[in-house]
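A.B. asks: This structure is in structure tokens; I'll ask about it shortly.
The values are calculated or read from the model by the stated rules, or taken from the named source; none is laboratory data. Quantities reported herein were computed from a predicted structural model and do not represent experimental measurements. Every residue, glycine among them, receives a Cβ derived from its backbone with ideal geometry; neighbour counts consider all protein chains shown. What goes into the accessible areas is simple: the full protein's heavy atoms, side chains included, and nothing from ligands, DNA or RNA. Shrake-Rupley method; radii C 1.70, N 1.55, O 1.52, S 1.80 Å.
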Amino acid sequence: MSRHTFFCIDAHTCGNPLRLVVGGVPLLPSVSMAEKREIFLRDHDWVRRALMFEPRGHDGMSGAILYPSSRGDCDVGILFIEVSGCLPMCGHGTIGAVTAAIEEGLVVPRNKGKLSLETPAGKIEVEYARGDQVVEQVRLFNVASYLHAQDIDLDVPGLGLIKVDLAYGGNYYAIIEPQVNWPGLDAMSANDILRFSPLVRQAAELKLAPVHPEDSRIRGVSHVMWTEKPRLERAHGRNAVFYGDKAIDRSPCGTGSSARMAQLVARGRLNIGDTFVHESIIGTTFDCRVEGETQVGDKKAIKPSVAGWARVIGHNTIFVSNFDPLAHGFQV
Ligand code: PYC
């Protein structure tokens with residue numbers, strides 16, 4: 001029998017899953033994480049499908065793999081794997097992976113409480129606070145984020161004409177605010193989110209087909225963010241983020257929060273230095289901040305940071321055997 005064994009640390013970040021694969025992963029050449037991502041997708045995508053899809057994963061599964069960084073100025077590289085592919089950047093994935101890696105002694109930071117990570121979307125800095133038992137908080141200083149397009153009219157079957165903004169925070173987000181044809185998240189069930197989001201994403205992609213001005217490998221509308229007033233007194237906004245084919249982020253979404261802040265700053269509704277507490281669909285929060293201004297191509301951009309917590313929930317030894325007809329997973 002040929003059986004491949006993966007050792008995983010399962011965790012969740014504010015409710016959203018993160019499977020850190022620490023053993024059994026394919027070796028990749030010493031190139032940038034952006035190139036490793038392409039090689040992984042080309043030659044080893046079965047690993048992602050086996051570990052993310054049913055029966056070993058589920059519709060909302062996501063994970064990460066740590067690799068040595070080929071950059072001298074980074075402690076480690078990180079590859080994000082999830083149901084839709086390998087994201088250039090993932091906020092909840094970073095918070096979960098850093099928490100698990102620090103608690104389990106997988107990375108030794110050069111500077112106490114700090115890590116420099118190479119992601120496929122670029123270098124990010126991380127600060128973490130370690131308590132007696134657990135890592136209490138991870139703050140990631142995300143890639144430059146910007147508003148790509150605003151007030152775009154989309155004709156969405158079942159909704160009618162709606163206006164969306166498109167913003168980048170490590171992935172491209174179609175952001176929808178309450179408006180005439182869409183009264184807000186509170187009027188929507190989870191089934192509605194799953195039904196309308198792919199239609200919005202498809203319409204936004206058809207109209208805008210965004211390509212990152214500094215890295216053409218980062219392209220396409222991958223996520224849809226539905227926004228709403230917060231329920232929690234300390235929060236400034238609430239959202240539900242759709243990704244993959246059937247996933248709704250249980251966390252407030254790190255790259256989504258970065259995109260949302262970039263949109264709000266560009267629209268003059270948030271300022272440099274402001275904090276932005278973002279509430280998720282299940283009421284967990286990320287403490288976000290607009291750290292500064294920058295440029296992406298010829299667009300004004302922000303430097304966002306996002307802080308949240310994660311908890312390790314178990315060690316998982318997963319077999320993928322050639323005797324299992326569903327070894328490489330399936331989606332329904
Ligand atoms: O936290 O950036 C994020 C994220 C992306 C997809 C799901 N979560």
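A.B. asks: Cα gyration tensor of the stretch 193-280, axes a ≥ b ≥ c as square roots of the eigenvalues: rounded (a/c below 1.5), prolate (a/b > b/c) or oblate?
C.D. replies: Here the stretch 193-280 falls in the oblate category.
A.B. asks: Multiplying the sequence separation of ARG311 and ASP151 by 0.36 nm and subtracting their Cα-Cα distance, what value in nm do you get? Intermediate results must be reported in sequence, preceding the final value.
C.D. replies: On the way: separation 160, 0.36 × 160 = 57.60 nm, distance 3.83 nm.
Stretched fully, the ARG311-ASP151 segment lengthens by 53.8 nm.
A.B. asks: THR275 to VAL332: extension gain in nm, 0.36 nm per residue of separation minus the Cα-Cα distance? Walk me through the intermediate numbers first.
C.D. replies: Numbers: separation 57, 0.36 × 57 = 20.52 nm, distance 4.00 nm.
Net length gain for the segment: 16.5 nm.
A.B. asks: Amide H neighbours of ASP274 under 5 Å, counting only residues 5+ apart in sequence or on other chains, H built in-plane at 1.01 Å?
C.D. replies: HN-HN under 5 Å from ASP274: VAL290.
A.B. asks: I want to check the label-to-label distance for ALA209 and LYS114. Put each point 7 Å from Cα in the C-beta direction and report it in nm to one decimal.
C.D. replies: Result: 4.3 nm between the two label points.
A.B. asks: Right, another one. Is the shape of the stretch 1-106 rounded, prolate or oblate, going by the alpha carbon gyration tensor and its root eigenvalues a ≥ b ≥ c, with a/c under 1.5 for rounded and a/b larger than b/c for prolate?
C.D. replies: Since a/c stays below 1.5, the shape of the stretch 1-106 is classed as rounded.
A.B. asks: Once phi is turned into θ = phi - 60°, what whole-Hz ³J(HN,Hα) does the Karplus curve with 6.51, -1.76 and 1.60 give for every residue of the stretch 247-262, x standing for Gly and Pro?
C.D. replies: 9, 10, 4, 7, 8, x, 6, x, 6, x, 5, 5, 4, 5, 5, 4
A.B. asks: At 7 Å along Cα-to-Cβ for each site, give me the label-to-label distance between LEU41 and ARG130 in nm.
C.D. replies: The two pseudo-label positions are separated by 3.5 nm.
A.B. asks: For the chain, take the alpha-carbon Rg, divide it by the Kirkwood Rh, and send me Rg/Rh.
C.D. replies: 0.95
A.B. asks: How much area per residue is accessible in the stretch 1-124 when the probe is 1.4 Å and only protein heavy atoms are counted (Å²)?
C.D. replies: Here the residues of the stretch 1-124 average 35 Å² of exposed surface.
A.B. asks: For the stretch 188-304, report the accessible area per residue in Å² (1.4 Å probe, heavy atoms, rounded to an integer).
C.D. replies: Working: 5170 Å² over 117 residues.
Value for the stretch 188-304: 44 Å² per residue.
A.B. asks: With a Förster radius of 41 Å, plug the Cβ-Cβ distance of ARG234 and ASP59 into 1/(1 + (r/R0)^6) and report the FRET value to the nearest 0.05.
C.D. replies: 0.85
A.B. asks: Over the chain, with a Gaussian network built from C-alpha contacts below 10 Å, which listed residue (HIS223, HIS148, HIS236) shows the highest mean-square fluctuation?
C.D. replies: Of HIS223, HIS148, HIS236, the most mobile in the Gaussian network model is HIS236.
A.B. asks: For the stretch 157-309, what is the convex hull volume of the alpha-carbon atoms per residue, in Å³?
C.D. replies: Cα convex hull per residue, to the nearest whole number: 115 Å³.
A.B. asks: Next question. Of the heavy-atom accessible surface of the stretch 4-92 (probe 1.4 angstrom), what whole percent is carbon and sulfur?
C.D. replies: Solvent-exposed carbon and sulfur of the stretch 4-92 make up 54 percent of the total.
A.B. asks: Explain nothing, just compute: Karplus ³J(HN,Hα) = 6.51 cos²θ - 1.76 cosθ + 1.60, θ = phi - 60°, for every residue of the stretch 87-103 in order, whole Hz, x for Gly and Pro.
C.D. replies: Values, residue by residue: 5, x, 8, 8, x, 5, x, 5, 4, x, 5, 5, 4, 5, 5, 6, 4 Hz.
A.B. asks: Here is a follow-up. Name the most mobile residue of GLY283, GLY23, GLY170, meaning the one with the largest mean-square fluctuation, in a Gaussian network model of the chain with Cα contacts below 10 Å.
C.D. replies: Checking each option, the largest mean-square fluctuation is seen for GLY23.
A.B. asks: Output the Kirkwood hydrodynamic radius of the stretch 1-62, Cα pairs only, in Å rounded to one decimal.
C.D. replies: Computed over the stretch 1-62, the radius equals 12.9 Å.
A.B. asks: While we're here: In the neighborhood of ASP151, defined by Cβ-to-Cβ distances under 15 Å, what is the net charge if each Lys or Arg adds +1 and each Asp or Glu adds -1?
C.D. replies: With Lys, Arg at +1 and Asp, Glu at -1, the net is 0.
A.B. asks: In percent, what relative contact order does the stretch 53-167 have, based on Cα pairs under 8 Å that are 6 or more apart in sequence?
C.D. replies: 17 percent
A.B. asks: What does the charge count around VAL135 come to, taking other residues whose C-beta lies under 12 Å from its C-beta (Lys +1, Arg +1, Asp -1, Glu -1)?
C.D. replies: Summing Lys and Arg as +1 and Asp and Glu as -1 gives -2.
A.B. asks: Which value in Å does the Kirkwood hydrodynamic radius of the stretch 115-193 take, with 1/r averaged over all unlike C-alpha pairs and then inverted?
C.D. replies: On the way: mean 1/r = 0.0633 Å⁻¹.
With all distinct Cα pairs of the stretch 115-193 included, I get 15.8 Å.
A.B. asks: Next up: Amide H neighbours of HIS223 under 5 Å, at least 5 residues apart or on other chains, H built in the peptide plane: list them.
C.D. replies: TYR172, ALA174
A.B. asks: Gaussian network model of the chain, Cα springs within a sub-10 Å range: biggest mean-square fluctuation belongs to which of GLY72, GLY160, GLY85?
C.D. replies: GLY72
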